[in-house]
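Structure first, then comments.
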Amino acid sequence: MLWYTGKRILQMIPVFFGATFLIYFMVFSLPGDPIAALYGDRPPAPGVIEVIRAEYNLDKPFIVQYFLYIIGLFQGDFGTTYSGRPVSDVMAQAFPITARLAILALLFEAVAGILIGLIAGLRKGKLFDASALVVSLLLISVPTFVVGFVLQLVFGVQLGWARTTVSGDAPWGELVLPAIVLASVSFAYIVRLTRASVSDNLSADFVRTATAKGLSRNRVVRVHVLRNSLVPVVTFLGVDLGALMVGAIVTEGIFNINGVGGTVYRAVTLGEGPTVVSFIAVMVIIFVIANLLVDLLYAALDPRIRYAK
Amino acid sequence: MKKSRMGLSVLALLSASALALTGCAPGEPAAEDESTGDASAIITTNGSEPQHSLIPTNTTESGGGKITTSIFAGLVSYTAEGEIENEVAESIESEDAKTWTVTLKDGWTFTNDEPVTSDSFIDAWNYGALYDNAQSASYFFDNIVGFSDVQNTKDDPSGAVDEEGNPVQVGDPLAETMSGLQVVDDTTFTVELSSPEADWPLRLGYTAYSPLPKAAFEDMEAFGENPIGNGPYMLDGEGAWVHEEKINLVTNPDYDGVRKPANGGLEIIFYATQDAAYADIEGGNLDVLDAVPDSALETFEDQFGDRAVNQPAAIFQAFNMPYYLPHWSGEEGKLRRAALSQAINREEITDVIFQGTRTPATDFTSPVIDGWTDKLEGAEVLDYNPEEAKKLWAEADAIAPYNETFSIAYNADGGHQAWVDAVTNSIANTLGITAEGKSYPTFAASLEDRANDKLTGGVRAGWQADYPSMYNFLAPLYQTGAGSNYEDYSSEEFDNLLKEGSQAASVEDATAKYQEAQEVLLKDLPSIPLWYSNVTGVSADTVDNVVFGWDSVPLYHQITKG
Amino acid sequence: MPSKKYTPQGHYVAPLEDTPIAPIDKLDESQKARSTWADAWDAMRRRPAFWISSVLIVLIVIIALFPGLFTQVPPNSNCLLANSNGGPQPGHPFGFTRQGCDVYSRLIHGTQASVTVGLMATIMVTVIGVVIGALAGFYGGILDSAVSRVGDIFFAIPTVLGAIVLMSVLPERTPVTVAVVLGIFAWPQIARIMRGAVLSARNSDYVTASVALGVERSKILLRHVVPNSIAPVIVIATVSLGTFIVAEATLSFLGIGLPPSVMSWGNDIGQARTSIRTSPQVLLYPAAALSITVLSFLMLGDVVRDALDPKARARR
């Protein structure tokens, strides 16, 4: 197990270089001159753009830009944004907020999704199952901006139970509502996935054996059905982490959360290479770790899965 | 200019605003309330993260401009109507509109107790103009004698030329300072312009002309993080600016100008989207909001009653047809432009799509600018007239048949799709051609095609004035070779009138010339005017005396709370 | 009492006449072996849900292919602002959009783009994901590491970034290109799910048994492991179909999806953004069309999943 973990952590190195190179290249290929665009419809005096392009190394060939960035990285310099802020500052600000938001969202979709999916799976074809289906369909078909807007209006403006937007330091409590909005689509996935797995496993041999042994239904469900149904669900949660962090653009916009999604999106539209690459590099590392945790969880959930040397 | 690319975020659908020209003159308080309020109350309002550190000569977008205007006081400041009032200036005088003598009032200091002197202005302006400093507002000084000496002046030895065939400029500037700026004494200095400009003082309320203390020049970047100013407000200590979150300003006790605050300070909260800011004012977390999102345009006036503002602003919107496209130059192009203009039902679009938060254009400036008129000769080309449009289009078809799909390009990150769709639908319905919007993913992408003459159809164009003058709406956009004249319009007649206007002895004479120049534009239609944006804003019932200035920013110093 | 017979090994073997072969144990060797797929078909066609969803899907496909059969109003014509957000009128059963276009006509004509995006992206993601995930999970080792890490990189690339870059390289923006862009960044999800399911299945008794019987590894993977691991993939794929159609809306809204002149449900859902305060009904019709489509595929997916799963079949 230790060997397996170590191997996986070593794999981060090529992944890191591959990802940064690829993403730097993609930002480099974005259409248009990012510096010229900073000035809107009115270009500055001649020469201003050239001076600033040189300042950000944008006048150099791609490969030189990339190596300058990597060299900076090894000296602890993540580059600067076009507004002159060190990217490391921006990351230190955005990641903790996004981490809190993603954890809450993940918790919500895991707990509520698995619970509802489990009940729906156990009562397949009954009223509860049908209601869960309708709710899932709604969440899939109604876009996040509507769900967010409605919840903000109802809980923030009309009932006053939550703050309409999240204040600067983004405390846990204020992030609950945005987390639910953020998790809504994934919640639908988890419900469907859990329901399918549970109904599948209900007819599995080990469940029949367990029931035959005289175990209570409660215990059969908890120990045998649920645990064995969790492999796909846990996999989904692992890959969903990234969507919750980078893909939270709309939710962050609605609740004015200064997180990773919005920052990366703005940096992409601005063509701000160092910001995009630094953020995504961290995201890649988070992915590799999350997927490693998921793989380790497999072994705990399903005794059939073992990692050989 | 204040950047008019309008919003980087998906959701920041810039809702410029609408103007019902009904009674509510700019600057008239929405609610007549004489309460003086709590002099220590902090007003919370919306803003956006400044694009750069807070150096006045490097602040040309609205997020930072809102802050620099509050913490600096220049020679003059603008009233709500866009007139100038002396701040640090005692007088700004000239005999010939070319050499100006500026005298300063005594007793002005920066918040670090350094006195505001002639040098504070001249050093700041020289800093702003110098090539090496790459300040975004450097073009504000380009009419001062000696500006070209502080730019790069040598041709590239390799003989490289830019896109227009002019030699690329390299090497160090010839001078560090502009010879047109001369100190007479601590409170007097002279400014020599390269050509006469009767309304030059009108520019000086713009934040780029602010003075800077000596401390600034030691480390400008560090200064920009914690600027020391002389304005009505100052930063609330070190770290008052929390990036991407907010900035806290408190009143400057030493300030004694015309903008004496009636409140205790400002908390400017940065929003990535206007919808979030609007939700906050609905939810009671915000006192003043200066931009209503598209989604609330239909409801905000009913919801906020007399706490809603919907009044003209200095924003002009149009679309341009490039001259380099077939069908769009010469006589054929002229006919087609006139046909397009009369095929658009501006009245209906501003009404339905913008819910009356835009006003159909009758010229190329804005109703808040002195000299604006709806009586220009040839202005009927801006009226909806389907018969005439069809007739002109047919005449153009007789020259060369048009079998293409007409399109208007826009950047998708600016919230333009709704009106572009409406305009192209209006054109399609009237002229019986196919017309559609063409979206670019980012502003940078659209700018690239525009700057390199690679457009395949029309392109949206917008302009927000930097200072309240007709000249600022005309010269940068339509003068031959001007920086923002992307579609390369060139008319000798227009250029001459513009020149005559800028050199006219009086502002009245200048206005007449500028109006005449616009009549040339109405004939040529290098840009097809659509409408003027209004400023739309709302305030919570916690505050009073919320008045919006000509530049769409509330006059924060007047607001009372409690 | 019959005498006991002993084999040379010393075991007792009951004589045949004592234990005649019961009919139930008899193998009818003349009958053709039934494939998994034939069994599945038998199971499916007995379920009403199968027929309901099939009819709906066929209908949706017909609408997508021949929109002219269902509406006489040509797309994007006569959008009059005078009708903006207007209610139903004769000939315009669902009323009008903010731009004054006929909602029903847009819905019918938008089916093609939306269904193309949804189906193509789903098929692409499922095929790539299943193949890669199955290989990675079943064979493990370096293949698994390489494929999984490439997936990590793809997953980390923000779709917006990838879409802007790809869309500006592609000469034209069509439903197919949008589907490709969406698919490129979504396949690692299915691959991960498939890999996880295969990891569980590859150590099952039936696999061990097959190995013992000397069945080829590739045959085991195809015949036993994949059918037993596909259930979660079907669930994810059917849900994804809907989210892809909505994602197209987001891309179009960002100016990197379909051009505004191409009608799609997603485009209309995105347009509804500014109208939700005052005219929420403009969201209703495209969202309802999307819901019905997703529901049809969810139902079908459910039936197929049950049919492919021998355990679920046995219960019935």
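A few notes on this one:
- Computed about its Cα centre, the charge dipole of chain B is approximately 1120 debye, with only Lys, Arg, Asp and Glu carrying charge at their Cβ.
- Label zone (B:Thr101, point 7 Å along Cα-to-C-beta; backbone nitrogen cut-off 19 Å) within the stretch B:178-198: B:180-194, B:196-198.
- Using a probe radius of 1.4 angstrom, the carbon and sulfur fraction of the accessible surface of the protein assembly as shown is 59%.
- Positive-pole candidate from B:Val543, B:Gly229, B:Val76, dipole of chain B, charges at beta carbon: B:Val543
- Residues within the reach of a label modelled at A:Asp77 (point 7 angstrom out along Cα to beta-carbon, backbone nitrogen below 18 Å), restricted to the stretch B:221-258, are B:221-222.
- Prolate/oblate/rounded label for chain A (Cα gyration tensor, a/c 1.5): oblate
- Each residue of the stretch B:507-518 was assigned a 3J(HN,Hα) from its phi angle through the Karplus curve 6.51 cos²θ - 1.76 cosθ + 1.60 (θ = phi - 60°); the sequence is 5, 5, 4, 4, 4, 4, 5, 5, 5, 4, 4, 5 Hz, with glycine and proline shown as x.
- Per the accessible-area calculation with a 1.4 Å probe, the total area buried between chain A and chain B rounds to 3800 Å².
- C:Glu17 paired with B:Asp509, simple spin-label distance in nm, labels 7 Å along Cα-to-beta-carbon: 13.9
- Separation in nanometres of the label points that stand 7 Å from Cα toward Cβ, at C:Ala288 and A:Val64: 6.2
- Cα centre as origin, Lys/Arg/Asp/Glu Cβ charges: chain A dipole, Debye: 1740
- Coupling constants for the stretch B:464-472 follow from the phi torsions by the Karplus curve (6.51 cos²θ - 1.76 cosθ + 1.60, θ = phi - 60°), and in residue order they are 10, 5, 7, 9, x, 9, 4, 4, 5 Hz; glycine and proline get x.
- Projected label distance in nm at B:Asp172 and C:Val73, using a 7 Å step from Cα toward the beta-carbon: 7.1
- Take each residue of peptide A:257-267, count the partner chain Cβ atoms within 10 Å of its Cβ, and average: the result is 4.
- Distance from the C-alpha centroid of the stretch A:6-49 to that of the stretch C:88-161: 26 Å, rounded to the whole angstrom.
- A simple count of charges around B:Gly257, restricted to other residues whose Cβ falls under 14 Å of its Cβ and scoring Lys, Arg +1 and Asp, Glu -1, yields -3.
- For B:Ala409, the residues whose modelled amide H falls within less than 5 Å of its own, excluding neighbours fewer than 5 places apart on the same chain, are B:Lys438, B:Gly458, B:Val459, B:Arg460.
- Only one residue of C:Phe138, C:Thr274, C:Ile60 has its Cα farthest out toward the positive end of the dipole of chain C, where Lys and Arg carry +1 and Asp and Glu -1 on Cβ, and that residue is C:Phe138.
- Computed about its Cα centre, the charge dipole of the stretch C:39-162 is approximately 260 debye, with only Lys, Arg, Asp and Glu carrying charge at their Cβ.
- Stretched out straight at 0.36 nm per residue, the stretch from C:Asp42 to C:Ala209 would grow longer than its current Cα-Cα span by 57.4 nm.
- For the stretch C:178-218, accessible area per residue (1.4 Å probe, heavy atoms of protein chains only), Å²: 36
- Interface residues of the stretch B:112-143, defined as a loss of at least 20 Å² in heavy-atom accessible area between the chain alone and the complex of all protein chains with a 1.4 Å probe, are B:Tyr131, B:Ala134, B:Ser136, B:Ser138, B:Tyr139.
- Where C meets A: accessible area buried, both sides, 1.4 Å probe, Å²: 5100
- For the stretch A:232-251 and the stretch B:301-355, distance of Cα centres in Å: 43
- Per-residue average of Cβ from other chains inside 10 Å of B:242-248: 5
- Accessible area (Å², per residue) of chain B, counting only protein heavy atoms and a probe of 1.4 Å: 34
- When each of the peptides A:11-18, B:341-348, C:263-270, B:458-465 is scored by the mean number of other C-beta atoms lying within 10 Å of its residues, the order from highest to lowest reads C:263-270, B:458-465, B:341-348, A:11-18.
- Note, ³J(HN,Hα) from phi for the stretch C:101-106, Karplus 6.51, -1.76, 1.60, rounded to Hz, x at Gly and Pro: 8, 6, 5, 4, 4, 4
- The B:Glu93 and A:Ile289 beta-carbon pair, evaluated with R₀ = 56 Å, returns a calculated FRET efficiency of approximately 0.20.
- Prolate/oblate/rounded call for chain B, Cα gyration tensor, a/c under 1.5 rounded: oblate
- Using a 1.4 angstrom probe on protein heavy atoms only, the contact between C and B buries about 2300 square angstrom of accessible area, both sides summed.
- Computed over protein heavy atoms with a 1.4 Å probe, the accessible surface of the stretch A:99-156 works out to 41 Å² per residue.
- Cα gyration tensor category, rounded, prolate or oblate, for the stretch B:312-535 with a/c compared to 1.5: rounded
- Top positive-direction residue, dipole computed over the stretch B:467-562 with Cβ charges, set B:Gly501, B:Leu530, B:Tyr478: B:Leu530
- Of the residues making up the stretch C:126-156, those losing 50 Å² or more of accessible area when the isolated chain is joined by the remaining protein chains, with a 1.4 Å probe, are C:Arg149, C:Asp152, C:Ile153, C:Phe155, C:Ala156.
The values are calculated or read from the model by the stated rules, or taken from the named source; none is laboratory data. In this text, all values refer to a predicted model and were calculated from it rather than measured experimentally. All Cβ positions, even for glycine, are placed from backbone atoms using ideal geometry, and neighbour counts span all protein chains on display. Each accessible area value is taken on the protein alone, full model and side chains, heavy atoms only, with ligands, DNA and RNA left out. Shrake-Rupley method; radii C 1.70, N 1.55, O 1.52, S 1.80 Å.
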